[in-house]
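Participant: Handing you this structure, nothing more for now.
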């Protein structure tokens, strides 16, 4: 976490605050005694839970979600502020995440070098929580605590907020000038993590299928299943990517079947 915090303290833009919700076993007294950091140590676990707690202590209009094992470019907040000042109705800014060693992007579409408006057909292509800045009004109800690491459905909490932003007709903007460095770990395939993430996204499809736009969310869900099935057909049995696609497919189906409104 120290490298992450140092990259935030060294930002070229200086009108911001840092709020840390520490769910680890030990209190970090370095951050607890810092004048420029609001530090809170809590015993309850869960990503969405900790973010909701952090929101209570944030004073700014925009909230930058931070991943504690990421490093933020020196001009990350400066670029974000310039975009916000020159753009109307910004709900979310999404940036680029790249591996500091290989230079590879964590999502294939992040190779895009132009600023774009994210629409319904691309909500899964550009937005990852480590590089998202969200208007506080979008977060008035907080994160859905059924979603995210440590919750019943192990992913999808940030995508849930993206969907909410588009429903409220606010703009979701991908700006490649917002750069975050994060190791990709592409050579290590964690099948349990793949399954848990897919359960989260399967449940998220079901949440909005039940709430509204059945045709849209039914189509997006089927499209995601076809993508996983494509990986199964493309790779031979025993191949790591075949197995990952299989776990992904099973997770999406299980999450969709399991989720009910009111979870």
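Participant: Could you list all residues from the range 87-108 that are closer than 23 Å to residue 161 by Cβ and free of Cβ contacts under 8 Å to residues at least 60 places away in the same chain?
Facilitator: Across the range 87-108, the qualifying residues are 105, 107, 108.
Participant: For residue 82, work out the one condition from (1) modelled with pLDDT of 90 or more; (2) part of a loop (DSSP other than H, G, I, E, B); (3) surrounded by 14 or more Cβ atoms within 10 Å (Cβ to Cβ) it doesn't fulfil.
Facilitator: (2)
Participant: Something else about it: Please work out which residue is nearest to residue 200 (Cα to Cα), limiting yourself to the range 115-154 and to residues that are in contact with a strand residue (DSSP E or B) (Cβ under 7 Å, 6 or more places away or on another chain) and assigned to a loop (DSSP other than H, G, I, E, B).
Facilitator: My answer is 146.
Participant: Of all strands (runs of 3 or more DSSP E) completely enclosed by the range 1-74, which ones contain at least 3 residues that are within 22 Å of residue 85 (Cα to Cα)?
Facilitator: Correct list: 62-65.
Participant: So, one more: Consider residue 116 carefully, then state whether it is more than 27 Å from residue 258 (Cα to Cα) and surrounded by 19 or more Cβ atoms within 10 Å (Cβ to Cβ).
Facilitator: no
Participant: Moving to a separate point now. Enumerate the helices (runs of 4 or more DSSP H) found wholly within the range 157-249, keeping only those where 1 or more residues are within 18 Å of residue 259 (Cβ to Cβ), at pLDDT below 90 and not assigned by TED's automatic domain parsing to the domain that holds residue 130.
Facilitator: Per the criteria, 191-211, 214-234.
The values are calculated or read from the model by the stated rules, or taken from the named source; none is laboratory data. The shown structure was predicted, so the numbers you read here are calculated from the model rather than taken from an experiment. Every residue, glycine as well, gets a Cβ built from its backbone with ideal geometry; the counts of neighbours run over all protein chains shown.
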